[in-house]
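The values are calculated or read from the model by the stated rules, or taken from the named source; none is laboratory data. Bear in mind that the values here come from a model prediction, so they are computed numbers and not experimental data. Neighbour counts are summed over all protein chains in view; Cβ atoms, including those assigned to glycine, are modelled from backbone coordinates with ideal geometry.
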Amino acid sequence: MPYYQQAAGLPGQQRSVPDVAFAAEPNCAPPFPVCSAPGTCAWAPVGGTSASAPLLASGLALVDQGLHRAGRPALGFLNPRLYALATDPTVTGVVNDVTRGTNSLFGNNCCTAAPGYDAASGWGSLNLDGLLQHSR
């Protein structure tokens, strides 16, 4: 388990995942340009990490731009900062705690969301503006 998860008091001895939640349902995510060959692209619904990873990465790039404009260092490796902010009782508006739902797939009954960190949604969804404000 990495030091930032140990400091957050997460149970166990190994890395806990996920860190945050993001839209993974293709019907809820915006369409993406999907190209099957050069010059043959179409907008199509995409879900899972194929949609959430680039959306989150682009949002974090915007946070980095805001930090650069403010003369502050870039986010760099986000996880230690994310866990510190998520567990700081004086910090609000960085994560939106997901407390309902599951991420079970094909009836595997994996994980159910609950208040605080959970295996279904991590800390919840990330509020990029809140992250920018608390990273200044």
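Listed values, structure above:
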read-out	value
Qualifying positions in segment 59-98 - surrounded by 12 or more Cβ atoms within 10 Å (Cβ to Cβ), touching a residue at least 24 places away in the same chain (Cβ under 8 Å) and over 16 Å from ASN127 (Cα atoms)	ARG72, PRO80
Pick from segment 1-53, criterion β-branched (Val, Ile, Thr) and part of a loop (DSSP other than H, G, I, E, B), ranking: surrounded by the fewest Cβ atoms within 10 Å (Cβ to Cβ)	VAL17
Selected residue [outside any loop (DSSP other than H, G, I, E, B), aliphatic (A, V, I, L, M) and closer than 22 Å to PRO2 by Cα] from LEU82, LEU62	LEU82
Residue list for segment 88-123, filter: in contact with a helix residue (DSSP H, G or I) (Cβ under 8 Å, 6 or more places away or on another chain) and either more than 20 Å from ALA61 (Cβ to Cβ) or assigned to a loop (DSSP other than H, G, I, E, B) (or both)	VAL91, THR92, GLY93, VAL94, TYR117, TRP123
Options VAL46, VAL95: the member that is at pLDDT 95 or above and touching a strand residue (DSSP E or B) at 6+ places or on another chain (Cβ under 8 Å)	VAL95
Test for LEU56: is it touching a helix residue (DSSP H, G or I) at 6+ places or on another chain (Cβ under 8 Å) and surrounded by 15 or more Cβ atoms within 10 Å (Cβ to Cβ)	no
